[in-house]
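First up is the structure itself, then whatever we jot down about it.
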Amino acid sequence: MSDKYGTVLLFYTGIVVLVLLMASGIERYQNRFSSVNQNIDTQPESDISIQQNVNVQPKQDYSVNQKIDTQLDQHIPRIALTFDDGPSYYTEELLDGLKERDVPASFFLVGSNIDGRDRIVVRMYEEGHLIGNHTYDHVQLTALPEKVACEQVTKTQERIREITGYSTVFVRPPYGLWPKKMEYCVTMIPVLWNIDSQDWTTSNVDGIVNKVVDSARDGGIILMHDCYDSSVQAALQIVDKLKTQGYRFVTVDELLCE
Ligand code: ZN
């Protein structure tokens with residue numbers, strides 16, 4: 001073998017080695033490039049899973065909110081404002097104030113006070129207040145013969161039904177005295193009270209407000225009278241103060257029928 005042939009062979013061998021090395025380098029480069037692509041391709045999938053987590057999140061928050069709402073519902077104290085002896089000259093102003101505050105109350109009407117104020121009774125009914133019976137002439141039922149006592153209740157009952165079409169089952173006996181024998185002639189639910197404003201003893205609005213607000217409690221039934229200007233002013237202030245304290249005002253049946 002001549003030196004020339006040997007040199008040529010070495011040259012071609014070198015080229016082959018070089019080509020192989022280059023090919024190997026390109027392959028490695030391609031492998032690395034494709035693995036980067038794979039990483040890029042897989043990225044959106046993990047993004048989707050993150051988005052899925054984000055989408056799921058509100059559902060979890062909603063259920064937490066529901067739990068909180070339910071807990072709040074269970075802990076809202078309820079209280080009922082009740083007014084005896086009306087309707088009177090002052091009742092409409094009270095109804096205006098209650099409507100403005102979106103608060104229902106319970107009115108126990110004296111039958112003989114209804115004449116000429118039918119429209120006020122209709123308004124009470126239409127605005128969602130509870131209407132109850134407080135006898136026709138504001139009598140002490142326990143001091144009357146059974147027949148007369150029954151008439152005192154049924155006569156007022158008829159007046160209320162005549163005006164509103166509503167037949168009330170609630171009665172507040174004057175002085176809180178409900179004779180057992182009454183149960184034989186009228187089927188009614190006597191409604192007493194557990195917070196006495198004693199508003200009929202004073203015209204001091206602040207005094208009435210403080211007395212009631214200091215005695216307020218969950219399930220409270222407040223006794224007031226809508227036949228005094230001071231009582232009407234006090235009642236509206238009581239609503240504002242107790243609402244600020246978190247109380248919800250309800251009609252008295254909501255506290256009794258549980
Ligand atoms: Zn009364």
Residues of the stretch 78-105 that turn out to be open to solvent by 10 Å² or more (accessible area, probe 1.4 Å) and in contact with a Gly (Cβ under 6 Å, 6 or more places away or on another chain), as a count: 1
statement: Selection from the stretch 132-149 of residues within 15 Å of the ligand (Cβ to nearest atom), open to solvent by less than 60 Å² (accessible area, probe 1.4 Å) and touching a helix residue (DSSP H, G or I) at 6+ places or on another chain (Cβ under 6 Å) yields ASN133, THR135, TYR136, HIS138, VAL139, LEU141
- request: Kindly list, by first and then second residue, each pair from a residue in the stretch 73-92 that is more than 21 Å from VAL212 (Cβ to Cβ) to a residue that is within 16 Å of the ligand (Cβ to nearest atom) and among the aromatic types (Phe, Trp, Tyr), limited to pairs with Cβ atoms under 8 Å and residues at least 6 apart or on different chains.
  value: PRO87/PHE107
message: With the structure loaded, tell me whether GLN152 is modelled with pLDDT of 95 or more, in contact with an Asp or Glu (Cβ under 7 Å, 6 or more places away or on another chain) and either among the aliphatic types (A, V, I, L, M) or buried (at least 16 other Cβ atoms within 10 Å of the Cβ) (or both) or whether it fails that test.
response: yes
query: How many residues does the stretch 220-256 contain that are open to solvent by 30 Å² or more (accessible area, probe 1.4 Å) and assigned to a loop (DSSP other than H, G, I, E, B)?
result: 5
statement: The lone condition PHE108 fails out of (1) buried (at least 22 other Cβ atoms within 10 Å of the Cβ); (2) in contact with a helix residue (DSSP H, G or I) (Cβ under 8 Å, 6 or more places away or on another chain); (3) touching a residue at least 40 places away in the same chain (Cβ under 8 Å) is (2)
message: When you scan the stretch 198-205, do you find a residue that is part of a loop (DSSP other than H, G, I, E, B) and closer than 25 Å to VAL153 by Cα, even just one?
response: yes
- request: Could you tell me which residue of the stretch 154-186 is nearest to the ligand (Cβ to nearest atom), considering only residues that are touching a strand residue (DSSP E or B) at 6+ places or on another chain (Cβ under 8 Å), among the aliphatic types (A, V, I, L, M) and in contact (Cβ under 8 Å) with a residue 40 or more places away in the chain?
  value: VAL171
query: Does ILE208 fit the bill of being closer than 23 Å to VAL171 by Cα and either within 25 Å of the chain's Cα centre (by Cα) or crowded, with 21+ Cβ neighbours inside 10 Å (or both)?
result: no
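The values are calculated or read from the model by the stated rules, or taken from the named source; none is laboratory data. Please read these numbers as outputs of a predicted model, since none were measured by experiment. Don't worry about glycine lacking a Cβ; one is built from the backbone with ideal geometry, like all the others, and counts go over all protein chains shown. For the accessible areas, the whole protein counts, side chains as well, though only heavy atoms, and no ligand, DNA or RNA atoms are used. Shrake-Rupley method; radii C 1.70, N 1.55, O 1.52, S 1.80 Å.
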